[in-house]
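Asks: If you scroll down you'll find the structure; I have some questions about it.
The values are calculated or read from the model by the stated rules, or taken from the named source; none is laboratory data. Computed from a predicted structure; not experimentally measured. As a convention, Cβ positions derive from the backbone with ideal geometry for all residues, glycine included, and neighbour counts pool all protein chains shown. For the accessible areas, the whole protein counts, side chains as well, though only heavy atoms, and no ligand, DNA or RNA atoms are used. Shrake-Rupley method; radii C 1.70, N 1.55, O 1.52, S 1.80 Å.
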Amino acid sequence: MENYGATIKQIRIGKGMTQKEVCMGIISQGNYSKFESGENPDIKVTILQALLLRLNLPMDEFFYIHNGYKNHEKIAIQRALYESLYNDPEMLEGHLQRAKHYLQYEPNDQDMQIFAQMVKGLIVLAKTGDFEQTCKLVEPIWEKLSKRNELLVSDIYILNNILFVFPLETAMDILQFLLRQIERYGDYRQVKRIYYSLVLNASLLQIRAQQFSEGTALLDTVLPNLQQQRLYAHLAVGYIRKGICLHNLSKDGTAWIEKGKHILLAVELNKMWNTLEEEIKKYTN
């Protein structure tokens, strides 16, 4: 096991705790002292978990601190894409180059291979708008991940990012598969936002399939939560897509589209608005 003792010591001292306060009931103080000094770095994972719980420190935050207050490069590459709000071709090219660079040193990393393949597909879509060609590029990802009994959050992110490029029937199968996987995570902190993104992607699928009543009903299930949780970019997308649905139901959707536009411009997400403006033109003319 990597020597985490020095990091634990740094955190313990920062919290003003003694060795005894941290290790009591978990490990003997003598063994704990050897762990901190690096003399005995090999402790059980269960003991490390107990020590972190005593320090009130989540595991992912501990590894972030241990890595010099930054994410591991693999996590950083993936998170940079997942936290972006729209797919700009130039930005996607940057993500792809980082993934390729990582794979030069870790060529057998299957997760990063899948990530890079996903980004390639998104680049094609961003540059050409060709859903069929994009689908061909990313379909092997779905074929591979669909065979897994359980998905990790990183797998769910991957499928959520490519969900909307598939034909409606396949996309709805993927959506149901993802919803079953998400249910296992309960209130895990990242999952709610993934769920909202899934619903927004599903609404675009229904717009493409001209299922405007279903799209409106689906969006109405999440819009109040997006507003309550102040997820303004998500909320703006939801408003705009609801407006598109209403327009196609011969109802006035202009007010919803304008609300979404005002939110995006207010928070200076101009490029995102430009992308959605193209969506509006495509599905309301």
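Asks: Cut-off 18 Å, label point 7 angstrom out along Cα-to-Cβ of Asn67: give me the residues of the range 118-135 whose amide nitrogen falls inside.
Replies: So the set is empty, nothing qualifies.
Asks: Next question, about the same structure. Separation between the Glu279 and Asp173 pseudo-spin-labels, each 7 Å from Cα along Cα→Cβ, expressed in nm?
Replies: Result for the modelled spin labels: 2.5 nm.
Asks: Lys100 to Lys251: FRET efficiency via 1/(1 + (r/R0)^6), r the Cβ-Cβ distance, R0 41 Å, to the nearest 0.05?
Replies: 0.30
Asks: Report ³J(HN,Hα) in whole Hz for each residue of the range 185-193, in order, from the Karplus equation J = 6.51 cos²θ - 1.76 cosθ + 1.60 where θ = phi - 60°; Gly and Pro get x.
Replies: Ordered by residue, 3J(HN,Hα) equals 7, x, 9, 3, 4, 8, 6, 4, 5 Hz.
Asks: May I ask you to list the residues of the range 56-92 whose amide nitrogen lies under 14 Å from a point 7 Å from Cα along the Cα→beta-carbon direction of Leu152?
Replies: 60, 72-79
Asks: Can you give me the accessible area per residue for the chain, using a 1.4 Å probe, in Å²?
Replies: Using a 1.4 Å probe on heavy atoms only, each residue of the chain averages 54 Å².
Asks: Expressed as an acute angle from 0 to 90° and rounded to the nearest 10, what is the orientation of the C-alpha long axis of helix 153-162 relative to the principal long axis of the chain?
Replies: For helix 153-162, the angle is close to 20 degrees.
Asks: In a GNM of the chain with a 10 Å cut-off on Cα contacts, which of Met24, Met172, Met112 has the highest mean-square fluctuation?
Replies: Met24
Asks: Continuing with this model, one more query. May I ask you to derive the FRET efficiency for Asp60 and Lys192 from their Cβ-Cβ distance with R0 = 30 Å, giving the value to the nearest 0.05?
Replies: Computed FRET efficiency for Asp60 and Lys192 comes out at 0.95.
Asks: So, one more: Could you rank the peptides 44-51, 216-223 by their average count of other C-beta atoms within 10 Å per residue, with the highest value first?
Replies: The peptides rank, most packed first, as 216-223, 44-51.
Asks: To the nearest 20 debye, what charge dipole does the chain have about its Cα centre, counting +1 at the Cβ of each Lys and Arg and -1 at the Cβ of each Asp and Glu?
Replies: For this selection, approximately 560 debye.
Asks: With a cap of 15 neighbouring Cβ atoms within 10 Å, and only residues DSSP puts in a loop, list the trypsin sites (Lys or Arg not before Pro) found in the range 201-246.
Replies: Within the range 201-246, the qualifying trypsin sites (Lys or Arg not before Pro) (loop, at most 15 other Cβ atoms within 10 Å) are Arg230.
Asks: Ok, one more. As a test of the formula, what do you get for the chain when each DSSP H run with n ≥ 4 contributes -39,500 (n - 2.57) and the sum is divided by the residue count, at 222 nm and rounded to the nearest 500 deg cm²/dmol?
Replies: Numbers: 17 runs with 209 residues, N = 285.
Value at 222 nm, helices only: -23000 deg cm²/dmol.
Asks: Relative to the longest principal axis of the chain, what angle (0 to 90°, nearest 10) does the C-alpha long axis of helix 270-284 take?
Replies: Rounded to the nearest ten degrees, it is 40.
Asks: Going by alpha carbons, how many degrees (0 to 90, nearest 10) lie between the helix axis of 73-82 and the longest principal axis of the chain?
Replies: Tilt of helix 73-82: around 30 degrees.
Asks: Follow-up. Pull out a ≥ b ≥ c, the square roots of the eigenvalues of the alpha-carbon gyration tensor of the range 92-145, then state rounded if a/c is under 1.5, prolate if not and a/b is larger than b/c, and oblate in the remaining case.
Replies: Numbers: a/c = 3.87, a/b = 1.40, b/c = 2.76.
Here the range 92-145 falls in the oblate category.
Asks: While we're here: Between the range 152-222 and the range 100-144, what is the separation of their alpha carbon centroids in Å?
Replies: Between the Cα centres of the range 152-222 and the range 100-144 lies a distance of 19 Å.
Asks: To continue, here is another question. Does the chain come out rounded, prolate or oblate by the C-alpha gyration tensor, with a ≥ b ≥ c the root eigenvalues, rounded set by a/c under 1.5 and, if not, prolate when a/b is larger than b/c and oblate if not?
Replies: Prolate, since a/c reaches 1.5 and a/b exceeds b/c.
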